[in-house]
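The structure appears right after this line, and notes come after that.
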Amino acid sequence: MKIIVTGAAGFIATNLLPRLLTEGHEVVGVDNFFLGRREYVDRFLPHQKFQFHEFDLLDRERVISLFEAVRPDCVWHIAANSDISFGTTYTDFDLKGGTHVTYNVLEAMRLSGTSQIIFSSSGAIYGEPRVLPTPEDYGPLFPISLYAASKIACEGLITAFAHNYDIRAWIFRFGNIVGPFPTHGVIYDFIQKLRRDPTRLQILGDGTQAKPYVHVEDCLDGMMFGYRSARERINCYNLAVGDQTSVNEIARWIIEAMGLDASGVRIDRGNEPRGWRGDVAQVRLDTRRMEALGWKAKMSSGEAVKRAIRETVAQLA
Ligand SMILES: NC(=O)c1ccc[n+]([C@@H]2O[C@H](COP(=O)([O-])OP(=O)(O)OC[C@H]3O[C@@H](n4cnc5c(N)ncnc54)[C@H](O)[C@@H]3O)[C@@H](O)[C@H]2O)c1
C-alpha cells in the first residue's frame, strides 16, 4: 500500500514507521518539527520506500498537492498539537493545529480519492464523565480542554466526510501512550527535571491524578488489529488498559530507576487534584469494545509505565 503518515517525526509515528516499512508499504511522512524531532525521521531516510516532506499541514495547497501526487491508499493522521496545556494559553492553537489540519487532510483525501483514514483521537474527549470506565457511546460530550474540543471536532469532520465521500475511518481514542522516542509527557518531563536537578522534583497538581497508560507497542498493535478487523464505515474504539497509574507512583518509580536516593529528592506538589486547567484528573476508559473485537493490551498500565521509564532513562542517558 501507499501510506501517508502525518506527524511522522513525533513520538507515536516514529514507533509506527518501522512497522509499516517492515510490512513493505511505501510510506510518505509529513511533519513541520513543531514538536517532532529531526533525528527521529533521519533514522528512516535511507530506506528506499520512505519519503519525507517538511511542511506545515495548515498549508492546504501543499497538503492537497502531496495527496494528489502520492494518491495514497490510506492516511495515518497522527499530527496534532499533543500538549493539552498549550491550548489554555493560545486559544486558537488546537483549532488550527487539530481541527483545521484535519479538515485539510480530509479535503485532500476527497480531491485525491483517498478512501481510508486512521485517526489518533483521545479519551480526553469524554471530559469529566459520570460513567467510569467510560464507553465509546457515552454522551453528551462536554470536553474541558480546547485540545479535547478539537478532537471532537475532528471526529465530527471525519464522520461527515466519510458519509459524503466514500471514506472509511478508524478512530482510536487513546489513554496515555508511553514508550521510547518521547517528545513530551509526564515520564519525559520528570526525567528531564531530575537530570537538571536530582535534589528536587516539581509535580504539577497533587500527584493523585491517575490514568490508564498504554505502551506504544500495545497502542500500535491495537491500531493495526483494529484497522484489519473492524470493517464498518466508521470504526471507533477506546484504546486503553483497565487499570490506572497515579502521577505520584510515576515519580517514585522514576526516582528508583534513575538510581537516586528518594530521601535526597524534595518533591514539591501542587494543591489541586489536576495538573493544569483542562487536565482530566481521573481517567478510566472502557476497553470492552476492543476486547469484543479480539484485542487486549499485553501490558497493564503499571507495566507499561515501568517499561517506558526504563526505555526513556536509557535513551536520555
Ligand atoms: N501520546 C499520547 O499520550 C496521546 C494520547 C491521546 C492522543 N494522542 C494523539 O496522538 C497523536 C500523536 O501524539 P504524539 O504523542 O506522538 O505527539 P507528538 O507531538 O510527538 O507527535 C505529533 C507530531 O505532529 C507534528 N505536527 C503537529 N502539528 C503539525 C502541523 N501543523 N504540520 C506538520 N506537523 C505537525 C509534530 O511536530 C509532531 O511531530 C496526536 O494527535 C495526539 O493528540 C496522543
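In plain terms, the chain from THR199 to ARG277 could stretch by 25.3 nm, reckoned as 0.36 nm per residue minus the Cα-Cα distance. Distance between the 7 Å Cα→Cβ label points at ARG269 and THR22: 4.0 nm. Once the Cα atoms are used to define both axes, helix 146-165 deviates from the longest principal axis of the chain by about 20 degrees. For ARG288, put the label point 7 Å out on the Cα→Cβ axis and report which residues of the stretch 112-140 keep their amide N under 11 Å from it. What the label zone holds, given the 11 Å backbone N cut-off, is 133-136. Could you give log10 I(q)/I(0) at q = 0.11, 0.15, 0.17 Å⁻¹ for the stretch 46-165, computed by the Debye formula over C-alpha point scatterers of equal weight, without solvent? One equal scatterer on each Cα of the stretch 46-165 leads to -0.41, -0.73, -0.89. For LYS298, give me every one of the lysines with a C-alpha distance below 25 angstrom, ignoring sequence neighbours fewer than eight places off in its own chain. Once the sequence-local lysines are set aside, what remains near LYS298 is LYS211, LYS306.
Taking Rh as the Kirkwood radius computed over C-alpha pairs, what is the Stokes-Einstein D of the chain at 20 °C in a medium of viscosity 1.002 mPa s, expressed in µm² per second?
Reported coefficient: 107 µm²/s.
For the stretch 260-317, state which trypsin sites (Lys or Arg not before Pro) are in a DSSP loop and have at most 16 other beta carbons lying within 10 Å of their beta carbon.
Working: sites: ARG266, ARG269, ARG274, ARG277, ARG284, ARG288, ARG289, LYS296, LYS298, LYS306, ARG307, ARG310; in loops: ARG274, ARG277, ARG284, LYS296, LYS298.
Sparse-neighbourhood loop trypsin sites (Lys or Arg not before Pro): ARG277, LYS296, LYS298.
Taking every alpha-carbon pair under 8 Å whose residues sit at least 6 apart, the stretch 200-278 reaches a relative contact order of 63 percent.
The rule of thumb for compact globular proteins, 2.2 N^0.38 Å, goes into the C-alpha radius of gyration of the stretch 2-72 1.02 times.
With N set to the number of residues, divide the alpha-carbon radius of gyration of the stretch 108-228 by 2.2 N^0.38 Å and report two decimals. Show your work: numbers first, answer last.
Numbers: Rg = 17.6 Å, N = 121, 2.2 N^0.38 = 13.6 Å.
Scaled against compact globular proteins, the figure is 1.29.
Here the relative contact order of the chain, from alpha carbon pairs under 8 Å that lie six or more residues apart, stands at 19 percent. Under 5 Å from the amide H of GLY29 lie the amide H atoms of VAL5, GLN51, PHE52, HIS53, each residue being 5 or more positions distant or on a separate chain, with H modelled from the backbone and absent for Pro and chain starts. Given R0 = 30 Å, the distance between the Cβ atoms of LEU45 and ASP92 translates into a calculated FRET efficiency of 0.35. Angle between the Cα long axis of helix 186-196 and the longest principal axis of the chain, 0 to 90 degrees, nearest 10? For 186-196 against the chain, the angle is about 50 degrees. Normalised size of the stretch 204-272, defined as Cα radius of gyration per 2.2 N^0.38 Å with N residues, equals 1.60.
Length gained on full extension, PHE142 to GLU128, computed as 0.36 nm times the residue gap minus the Cα-Cα distance: 4.3 nm.
Mind checking the angle between helix 101-112 and the chain's longest principal axis? C-alpha axes, 0 to 90 degrees, to the nearest 10. Around 20 degrees separate the two axes.
Sum -39500 (n - 2.57) across every DSSP H segment of at least 4 residues in the chain, then divide by the residue count to get the 222 nm mean residue ellipticity, nearest 500. Walk me through the numbers on the way to the answer.
Values: 11 runs with 122 residues, N = 317.
The helix-only estimate for the chain comes to -11500 deg cm²/dmol at 222 nm.
Principal axis analysis of the Cα atoms in the stretch 226-266 yields extents of 55, 16, 13 Å, listed in decreasing size.
Read-outs throughout are calculated quantities, based only on the coordinates presented, and are distinct from any laboratory measurement. It should be emphasised that the depicted structure is a prediction, and the values quoted were computed from it without experimental measurement. Every residue, glycine among them, receives a Cβ derived from its backbone with ideal geometry; neighbour counts consider all protein chains shown.
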